[in-house]
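Written below as structure tokens is the structure these notes are about.
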Amino acid sequence: MSEWQITTFGEAFELNPSIQFQHNQIYPFIEMAAIATTGEISRISLRRYSGSGSRFESGDTLFARITPCLENGKIAQVKKIPGGRGFGSTEFIVVRGRPGVSDSDFGYYKCTSPEIRTYAISQMTGTSGRQRVPTDALSRLEIELPPLPVQREIAHILGTLDDKIDLNRKMNATLEAMARALFKSWFVDFDPVRAKAEGRDPAGMDAETAALFPDAFEDSPLGEIPRGWRVGTVVDLCESIANGSTPSRKRADYWVGGDIDWFKTGELNDSILIASEEKITTLGLNESSCKLWPESTVLVALYASPTVGRLGMLSKVATANQACSGLVARQDIGHWYVFHAVLFERDRLQSYAVGAAQQNISQRVLSAHPVVVPNHVVCRRYHQLVLSLFERVQLNLEESIALAEMRDTLLPRLMRGELVGV
């Protein structure tokens, strides 16, 4: 700690460093909506540069300066970007390490630390709903800056945890894509049936599984479907469909100390749901119209654009608000078949959404939506095959949550130089 220096944030790091761009040329672009509260950049588009917007290079940190993005923790480091540079929202403050003074990776973790975020929020100015933290206010903040080798050691410790979280995320994306591809092949494109109808063996399929599929098609209201299958509705796939509810916000005893997960549409992630942001108490559950759904219930967002039609799979007994509908799958169908059947119908379901201020679909529309209902043994075989994939997905999600908690615990202590060897 004796070598740590007292300096200002602006002296330690470059803020909004100068980068030369050519007008009317196309560069990578990152919008505010692409920044997740986890620090992930979900997409990078291409736009023509017209002279406005924040400018950055690979390694720089994008620090949201406007409410509520700053409060929500929209802070991300640009790891790799085509061409090495890009531009983005005017509501970013770009942070970069100073040569010989600070490390850019350390700068990212410094920006995510409680001391920086809390200070920045306290300095916000402007009208309600459009408040921003001025760049010069952030620049004036007094901080303790460790020597460069220590900065790099801190960034390495925290970065190792984030790298494993990112690896888990990529692995899950691959596993989930495999499940979607299998569903599309079997139940959308009907590849095994087409192969058998043409006298071929279905590709990549054992004889026992191939025997479960018919070898011909028949007409239906949805077009050509495998012979012996039928057209039904979403409700035909389920034991029950019911909407959630919200316990009274006026009753603290419905919320304080709660241990029952209560999900909202914004938390549905088209994957397995591990834990909710808010929880309710048993009293709140019993004294309201909340439904306690079993593990493996499929949640569907009915409204709150742009989340209409977004899905989530409960990893344990839980409930949700009234903007969600819970689908409990029939045992002979399987919850992963129901999940993907609704997922592949999302575009059609979204086309039914109504409402000017807030797009929504009703439970009635969801329940009555037509779907293909295959032979039950085929459904169960599909469920068995993808179940092992999602068991791995769940383990990865749980590990990532634990790693994120460890990182968030270590970060302030590392920034204070409390840990041995730092």
Could you check residue 364 against (1) assigned to a helix (DSSP H, G or I); (2) open to solvent by less than 10 Å² (accessible area, probe 1.4 Å) and say which number it fails? (2)
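Considering only residues that are in contact (Cβ under 8 Å) with a residue 40 or more places away in the chain and in a loop (DSSP other than H, G, I, E, B), which ones fall in the stretch 94-117?
Result: 98, 100, 101, 102, 103, 113.
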Take the residues in the stretch 94-107 that are surrounded by fewer than 23 Cβ atoms within 10 Å (Cβ to Cβ) and among the β-branched types (Val, Ile, Thr), then tell me which one is farthest from the chain's Cα centre (by Cα). 101
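When you scan the stretch 290-348, how many residues do you find that are within 18 Å of residue 379 (Cβ to Cβ) and of a type in the set (A, V, I, L, M)? Talk me through it step by step, then tell me what you get.
Here is the first cut: in the stretch 290-348, the ones within 18 Å of residue 379 (Cβ to Cβ) are 296-298, 311, 313, 327-345.
From the residues that got through so far, the ones that are of a type in the set (A, V, I, L, M) too are 298, 311, 313, 327-329, 333, 338, 341-343.
Residues in the stretch 290-348 being within 18 Å of residue 379 (Cβ to Cβ) and of a type in the set (A, V, I, L, M): 11 in total.
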How many residues does the stretch 173-211 contain that are within 36 Å of the chain's Cα centre (by Cα), part of a loop (DSSP other than H, G, I, E, B) and not charged (D, E, K, R)? 5
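Kindly indicate whether any position in the stretch 352-360 is outside any loop (DSSP other than H, G, I, E, B) and either under 24 Å from residue 184 (Cβ atoms) or modelled with pLDDT of 90 or more (or both). Let's see the steps before the verdict.
Here is the first cut: in the stretch 352-360, the ones outside any loop (DSSP other than H, G, I, E, B) are 354, 360.
Still in the running and either under 24 Å from residue 184 (Cβ atoms) or modelled with pLDDT of 90 or more (or both): none.
No, the stretch 352-360 contains no residue that is outside any loop (DSSP other than H, G, I, E, B) and either under 24 Å from residue 184 (Cβ atoms) or modelled with pLDDT of 90 or more (or both).
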I need a count of the residues in the stretch 204-223 that are surrounded by fewer than 12 Cβ atoms within 10 Å (Cβ to Cβ), free of Cβ contacts under 8 Å to residues at least 40 places away in the same chain and under 25 Å from residue 367 (Cα atoms). 2
Quick check on residue 266: is it of a type outside the set (A, V, I, L, M, F, W, C), assigned to a strand (DSSP E or B) and either out of contact with any helix residue (DSSP H, G or I) (no Cβ under 7 Å at 6 or more places or on another chain) or open to solvent by 20 Å² or more (accessible area, probe 1.4 Å) (or both)? no
With the condition kept exactly as written, say whether any residue in the stretch 320-336 is β-branched (Val, Ile, Thr), surrounded by 19 or more Cβ atoms within 10 Å (Cβ to Cβ) and either within 21 Å of the chain's Cα centre (by Cα) or modelled with pLDDT under 90 (or both). no
Does residue 412 fit the bill of being within 30 Å of residue 155 (Cα to Cα) and open to solvent by less than 70 Å² (accessible area, probe 1.4 Å)? yes
Exactly one of (1) open to solvent by 30 Å² or more (accessible area, probe 1.4 Å); (2) under 30 Å from residue 98 (Cβ atoms); (3) not aromatic (Phe, Trp, Tyr) is unmet by residue 151. Its number? (1)
I'm checking my understanding of the structure. Among residues of the stretch 129-140 that are buried (at least 16 other Cβ atoms within 10 Å of the Cβ) and not hydroxyl-bearing (Ser, Thr, Tyr), which one is farthest from residue 3 (Cα to Cα)? 131
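Residue check: is residue 240 polar (S, T, N, Q), touching a residue at least 24 places away in the same chain (Cβ under 8 Å) and closer than 30 Å to residue 365 by Cβ? Full working, then the answer.
On the way: polar (S, T, N, Q): yes; touching a residue at least 24 places away in the same chain (Cβ under 8 Å): yes; closer than 30 Å to residue 365 by Cβ: yes.
Taking the combined requirement at face value, the residue satisfies it.
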Residue count for the stretch 115-158, restricted to those that are under 15 Å from residue 415 (Cβ atoms), over 26 Å from the mean Cα position of the chain (by Cα) and of a type in the set (Gly, Ala, Ser): 0
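What number of residues within the stretch 182-239 satisfy the criterion of being of a type in the set (Val, Ile, Thr) and over 24 Å from residue 368 (Cβ atoms)?
Number satisfying all stated conditions: 2.
Taking the conditions exactly as written (out of contact with any Leu (no Cβ under 9 Å at 6 or more places or on another chain), farther than 30 Å from residue 219 by Cα and touching a residue at least 40 places away in the same chain (Cβ under 8 Å)), does residue 415 satisfy them or not? If you could, list the steps in order and put the result at the bottom.
Working: out of contact with any Leu (no Cβ under 9 Å at 6 or more places or on another chain): yes; farther than 30 Å from residue 219 by Cα: yes; touching a residue at least 40 places away in the same chain (Cβ under 8 Å): yes.
So residue 415 passes the test.
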How many residues are open to solvent by 30 Å² or more (accessible area, probe 1.4 Å) and within 13 Å of residue 317 (Cβ to Cβ) when one looks only at the stretch 275-301? 7
Close pairs from the stretch 156-174: first closer than 19 Å to residue 78 by Cβ, partner open to solvent by 50 Å² or more (accessible area, probe 1.4 Å) and assigned to a helix (DSSP H, G or I), Cβ under 6 Å, at least 6 apart: none
Selected residue (criterion: surrounded by the most Cβ atoms within 10 Å (Cβ to Cβ)) from residues of the stretch 60-93 that are of a type in the set (A, V, I, L, M, F, W, C) and touching a Cys at 6+ places or on another chain (Cβ under 8 Å): 63
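The values are calculated or read from the model by the stated rules, or taken from the named source; none is laboratory data. Here the structure is a predicted model, which is why all the values come from computation and not from measurement. We place every Cβ from the backbone using ideal geometry, glycine too, and count neighbours over all the protein chains shown. In case anyone asks, the SASA skips ligands and DNA or RNA and just uses the protein heavy atoms, side chains included. Shrake-Rupley method; radii C 1.70, N 1.55, O 1.52, S 1.80 Å.
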